[in-house]
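Notes follow once the structure below has been shown.
The values are calculated or read from the model by the stated rules, or taken from the named source; none is laboratory data. Bear in mind that the values here come from a model prediction, so they are computed numbers and not experimental data. Note that each Cβ is placed from the backbone with ideal geometry, even for glycine, and that neighbours are counted across all protein chains shown.
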Amino acid sequence: MARPKPSNEHSLHQLDWNLLKVFSVLVETGGLTRAAAKLGRKQPAISLALKRLEERLGTRLCRRGPGGFALTEEGRRLAATCVRMSDMIRHLPEDIADATQTVSGPIRIRLISNLVHHRLDDAIAAFHQKYPLAELQVDVATWSDVVNALLRQEIDIGVAPSQRKRAELTYFPLFTELHRPYCGRRHALFGKRVAKAPDLAGEAFILTGSDEPDQLSDFRLKHGLGRNIAAITEHLEEARRLTVVGVGLCFLPEGYAAPDVAAGRLWPLLGARGLPSMDIYVITNPNGPPKHSRRLLIEEFKATITGGKALGAEFSRPKPARVRP
């Protein structure tokens with residue numbers, strides 16, 4: 001197809017934005033037939049829209065033939081531009097809210113399950129009290145899913161441990177989570193003190209599978225704990241349940257187990273000294289779109305550490321912590 005010479009008729013104010021939408025769906029689906037099905041239109045209408053867009057821009061955007069559907073270099077560049085435009089439109093309500101400094105709209109938070117600490121609760125409670133129009137969207141995932149969602153800019157804030165720090169993200173230490181071995185009231189060790197971790201090597205343990213922190217796995221292997229397996233579950237709630245009913249011993253986060261200890265359902269078997277622990281971080285992606293509400297929530301997290309002292313606009317990048325082998 002010959003390329004017509006661009007003129008003022010092809011200026012931006014005369015471009016039909018619906019043609020860009022059709023082109024975006026065409027690229028996403030990879031063909032006229034699939035694009036027509038997704039948009040609920042006839043295939044000739046999609047083909048005509050593509051032709052009109054090419055004529056408006058004065059260039060060929062794709063090639064169609066026996067080999068299938070393929071974008072030209074111009075088509076690839078336009079497709080990339082459409083992706084950026086779509087992302088800008090998706091963030092438009094947040095950007096407008098930020099421009100007026102009105103703290104409203106969604107704040108997307110993803111954290112690992114069963115985090116229990118007053119700093120986490122205090123920060124969220126203080127933020128909600130100050131900015132009740134903000135909508136907190138909270139989701140639960142594994143630590144790796146939290147990091148990946150931040151890298152893809154699907155969420156605003158992550159709260160998770162960090163097995164391996166990513167240079168693209170920023171980390172702010174929120175608290176340290178200690179893991180202790182517990183038993184239930186029906187277990188023979190309930191109410192007894194155990195001096196050293198190796199003394200538990202002969203006991204049956206409930207393991208949490210692939211979700212077990214590396215620090216805890218290293219500790220267990222070092223002291224021979226868990227060679228006798230009573231149960232395995234990927235869910236901490238079920239591990240706690242099995243421990244309470246006396247199936248076996250289990251390492252649980254100290255804060256998570258505290259209510260059951262206070263109620264007499266669980267018993268800690270070792271002192272806190274030398275037990276495995278891991279730092280829990282507030283994590284964000286500084287390359288994401290600026291967002292006033294996100295910054296304010298981060299400041300609330302920081303305030304729980306500093307006691308309300310002066311806070312920066314964004315938390316800093318800590319020196320990478322040594323990752324345990």
Some residue of the range 235-250 being within 22 Å of Gly288 (Cβ to Cβ), out of contact with any Phe, Trp or Tyr (no Cβ under 7 Å at 6 or more places or on another chain), surrounded by 17 or more Cβ atoms within 10 Å (Cβ to Cβ) and not β-branched (Val, Ile, Thr): no
Among what's in the range 44-74 and is over 39 Å from the mean Cα position of the chain (by Cα) and without any contact (Cβ under 8 Å) to a residue 12 or more places away in the chain, pick the residue that is nearest to Arg84 (Cα to Cα). Lys51
Need pairs with beta-carbon distance below 8 Å; first residue in the same structural domain as Ala272 (by TED's automatic domain parsing) and within the range 170-194, second polar (S, T, N, Q) and at pLDDT 95 or above; sequence gap 6+ or separate chains. Tyr182/Thr243; Cys183/Thr243; Gly184/Thr243
Ile155 meets each of (1) free of Cβ contacts under 8 Å to residues at least 60 places away in the same chain; (2) surrounded by fewer than 14 Cβ atoms within 10 Å (Cβ to Cβ) with one exception, condition (2)
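Within the range 116-134, work out how many residues are surrounded by fewer than 15 Cβ atoms within 10 Å (Cβ to Cβ) and within 20 Å of the chain's Cα centre (by Cα). Please lay out each step first, then the result.
Let us first name the residues in the range 116-134 that are surrounded by fewer than 15 Cβ atoms within 10 Å (Cβ to Cβ), namely 118, 121-122, 125, 128-130, 132-133.
Of the ones still in play, those that are also within 20 Å of the chain's Cα centre (by Cα) are 121.
The number of residues fulfilling the criteria is 1.
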Restricted to the range 166-187, and to residues that are surrounded by 18 or more Cβ atoms within 10 Å (Cβ to Cβ) and among the hydroxyl-bearing types (Ser, Thr, Tyr), which residue is nearest to Pro253 (Cα to Cα)? Tyr182
Return the residue satisfying two criteria in turn: it lies in the range 251-266 and is surrounded by fewer than 21 Cβ atoms within 10 Å (Cβ to Cβ) and farther than 30 Å from Asp156 by Cβ, and of such residues it is nearest to the chain's Cα centre (by Cα). Asp260
Inter-residue pairs, beta-carbon under 8 Å, first farther than 19 Å from Ile232 by Cβ and in the range 249-260, second of a type in the set (Val, Ile, Thr), 6+ apart: Gly255/Val116; Ala258/Val116; Asp260/Val244
Of all residues in the range 178-212, count the ones that are closer than 21 Å to Met278 by Cβ and touching a Ser or Thr at 6+ places or on another chain (Cβ under 9 Å). 9
Test result for Gln137, exposed (fewer than 14 other Cβ atoms within 10 Å of the Cβ) and either in contact with a Cys (Cβ under 8 Å, 6 or more places away or on another chain) or more than 15 Å from Tyr281 (Cβ to Cβ) (or both): yes
Please go through the range 255-280 and pick out each residue that is small (Gly, Ala, Ser) and in a loop (DSSP other than H, G, I, E, B). Ala263, Gly264, Gly271, Ala272, Gly274
Meets criteria (touching a Leu at 6+ places or on another chain (Cβ under 9 Å), farther than 22 Å from Ala257 by Cα and not assigned by TED's automatic domain parsing to the domain that holds Lys291) for Gly202: no
